[in-house]
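Undergrad: Please read through the structure below; I'll follow up with questions.
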Amino acid sequence: MYKYLSSIKLTLLLTYIIVAVTMTGSFALLFHRENFDTIDKQLLIDWLAKNSPALSWWIILLISLIFIFAINTVLCTYERLAVLVKAWRGKRVDVVHDEATRISEDIEKGRGLRLRAFLPYIAHIGFLIALIGHLAGSLWGFRGADVPVEKGEVYKIKEAPGLSIKVGNVVMEIGERGYPEEMWANVELFEGEKILKKSKVEINGPLVYKSMAIYIKNVQSYTKGMVISSKGKGHASSFLLTPGGDTYLGTEGLTVTAGRINERYGAMEVLLFKNMKLVARQWLTPYNPSYKTLSYEGLTLSAEELSLSEAAVLSINSDPGAKIVFWGLLIFAVSLLTHLFYRRSK
């Protein structure tokens, strides 16, 4: 069993099967795209837990194959490195494969043990380090949902208790073709009252703190409320009415309350109560004269303007294995390229 798990034959077989499963999965993505829309918006382990195995079977199979591939890589690397270390220590090397033959010949001819003999196995180690990094990110990281955070608002990061963010200036400039040319927000990261880091968060320019990264995805303008003017019954005033809020008019027990907001038409539902009893209801908007006023027994409520606010839509992610993956891939790439250079120069 050990001999088979550490064999190159198993390596090649697993490679072919992984390629075949990956190709099958790519077709599944094409024909069932709507089912995979959220796969890159959360950790893979969370996505698998929420979806049926009938949909994700190929991903589960792929993970299992990669796990076996990792075991195969560990055993292959161990077996061949043991030969190299023996040769390096000047001990007799049993000729069990081509690499050992070349090492023995070099030592016998007085060439010593060259660095290039180690390079393929250093690349293997880099690959394994990268796999460990991906595993760490999947188990202990998180991908938060896109959250709109208004200028001046403090948002507590639920996935990281004790941490919160505050958004300052928010800017989005639209170009002639209708696409954003510039989009950024000033973001501060807090732990309690202590500022851990502050940064100008731009597209492809996140705020990074340890394993956490905060990206800006969009800037949204939304209706915060509506400025209403009230006239009649010896009363005249102007006030900001916000959803869920109410304003007492100070005459005959009249109270104005805000209901729903229709962002598409820039309208807000306004409810008028008299002594806790609903007496009038009207959608008001400053953009349509037919829906600009609400009248009741000599009292007129008029929509003057919308109170707009801008919010930065932020994505908050944490990947504690990101640096491990980076260093693993760097070791893999440098070792592999150096090995190819040696072979080419030979």
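The values are calculated or read from the model by the stated rules, or taken from the named source; none is laboratory data. Note that this is a predicted model, so its numbers are computed, not measured. Backbone-built Cβ (ideal geometry, glycine too); neighbour counts: all protein chains shown.
Undergrad: Restricting attention to region 16-58, which residues are under 20 Å from TRP140 (Cβ atoms) and not aromatic (Phe, Trp, Tyr)?
TA: Looking only at region 16-58, we keep the residues that are under 20 Å from TRP140 (Cβ atoms), and these are 39-50.
Selection gives ILE39, ASP40, LYS41, GLN42, LEU43, LEU44, ILE45, ASP46, LEU48, ALA49, LYS50.
Undergrad: Then there is this: Mind checking which residues of region 1-58 are among the basic types (Lys, Arg) and assigned to a helix (DSSP H, G or I)? Break it down stepwise before answering.
TA: Of region 1-58, the ones among the basic types (Lys, Arg) are 3, 9, 33, 41, 50.
LYS3, LYS9, ARG33, LYS50, listed by residue number.
Undergrad: Further question: More than 22 Å from ASP40 (Cβ to Cβ) and among the charged types (D, E, K, R), is that true of GLU159?
TA: Details: more than 22 Å from ASP40 (Cβ to Cβ): no; among the charged types (D, E, K, R): yes.
In short, no.
Undergrad: Give GLU305, GLU252 a once-over and let me know the one that is touching a strand residue (DSSP E or B) at 6+ places or on another chain (Cβ under 8 Å), more than 30 Å from GLU202 (Cα to Cα) and in a loop (DSSP other than H, G, I, E, B). Steps first, please.
TA: Values: GLU305 fails: in a loop (DSSP other than H, G, I, E, B).
Matching residue, one of GLU305, GLU252: GLU252.
Undergrad: Among the numbered conditions (1) farther than 30 Å from ASN218 by Cα; (2) modelled with pLDDT of 90 or more; (3) among the β-branched types (Val, Ile, Thr), tell me where THR285 comes up short.
TA: (1)
Undergrad: Among the residues of region 258-272, are any of a type in the set (Lys, Arg) and assigned to a strand (DSSP E or B)?
TA: As a first pass, look at region 258-272 and keep what is of a type in the set (Lys, Arg): 260, 264.
Retained after the next criterion (residues that are assigned to a strand (DSSP E or B)): 260.
Scanning region 258-272, I find at least one residue that is of a type in the set (Lys, Arg) and assigned to a strand (DSSP E or B), so the answer is yes.
Undergrad: Now a separate question. Has region 37-52 got at least one residue that is exposed (fewer than 14 other Cβ atoms within 10 Å of the Cβ) and among the basic types (Lys, Arg)?
TA: Yes - at least one qualifying residue is present in region 37-52.
Undergrad: May I pose another question? Tell me, which strands (runs of 3 or more DSSP E) lie completely within region 145-243 with 3 or more residues that are touching a strand residue (DSSP E or B) at 6+ places or on another chain (Cβ under 6 Å)? Write out each step before concluding.
TA: On the way: elements: 147-150, 154-156, 163-174, 180-191, 194-202, 207-209, 212-232, 235-241.
Per the criteria, 147-150, 154-156, 163-174, 180-191, 194-202, 212-232, 235-241.
Undergrad: Restricting attention to region 214-222, does a residue exist that is assigned by TED's automatic domain parsing to the domain that holds ILE157, under 17 Å from the mean Cα position of the chain (by Cα) and more than 19 Å from ASP146 (Cα to Cα)?
TA: The answer is no; no qualifying residue exists.
Undergrad: Looking only at region 206-245, count every residue that is in contact with a Phe, Trp or Tyr (Cβ under 8 Å, 6 or more places away or on another chain), without any contact (Cβ under 8 Å) to a residue 40 or more places away in the chain and within 24 Å of LEU306 (Cβ to Cβ) and tell me the total.
TA: Count: 0.
Undergrad: Now a separate question. Find the residue count for region 128-154, including only residues that are in contact with a Pro (Cβ under 9 Å, 6 or more places away or on another chain) and surrounded by 18 or more Cβ atoms within 10 Å (Cβ to Cβ).
TA: Counting residues in region 128-154 that are in contact with a Pro (Cβ under 9 Å, 6 or more places away or on another chain) and surrounded by 18 or more Cβ atoms within 10 Å (Cβ to Cβ) gives 4.
Undergrad: While we're here: Could you give every pair whose Cβ atoms fall below 8 Å, whose first residue belongs to region 7-34 and is touching a residue at least 60 places away in the same chain (Cβ under 8 Å), and whose second residue is among the hydroxyl-bearing types (Ser, Thr, Tyr) and surrounded by 12 or more Cβ atoms within 10 Å (Cβ to Cβ), counting only separations of at least 6 or pairs across chains?
TA: What qualifies is THR11/THR73.
Undergrad: Here are the criteria: (1) in contact with a strand residue (DSSP E or B) (Cβ under 7 Å, 6 or more places away or on another chain); (2) touching a residue at least 60 places away in the same chain (Cβ under 8 Å). Tell me which single one TRP140 does not satisfy.
TA: (1)
Undergrad: In this structure, does GLU269 turn out to be within 23 Å of VAL167 (Cβ to Cβ) and of a type in the set (Asp, Glu)? Before the answer, list the steps.
TA: Numbers: within 23 Å of VAL167 (Cβ to Cβ): no; of a type in the set (Asp, Glu): yes.
In short, no.
Undergrad: Here is a follow-up. Do we find that GLU153 is within 30 Å of THR285 (Cα to Cα) and not assigned by TED's automatic domain parsing to the domain that holds GLN42 in this structure? I'd like the intermediate steps shown before the answer.
TA: Working: within 30 Å of THR285 (Cα to Cα): yes; not assigned by TED's automatic domain parsing to the domain that holds GLN42: yes.
Judged against the criteria, GLU153 is a match.
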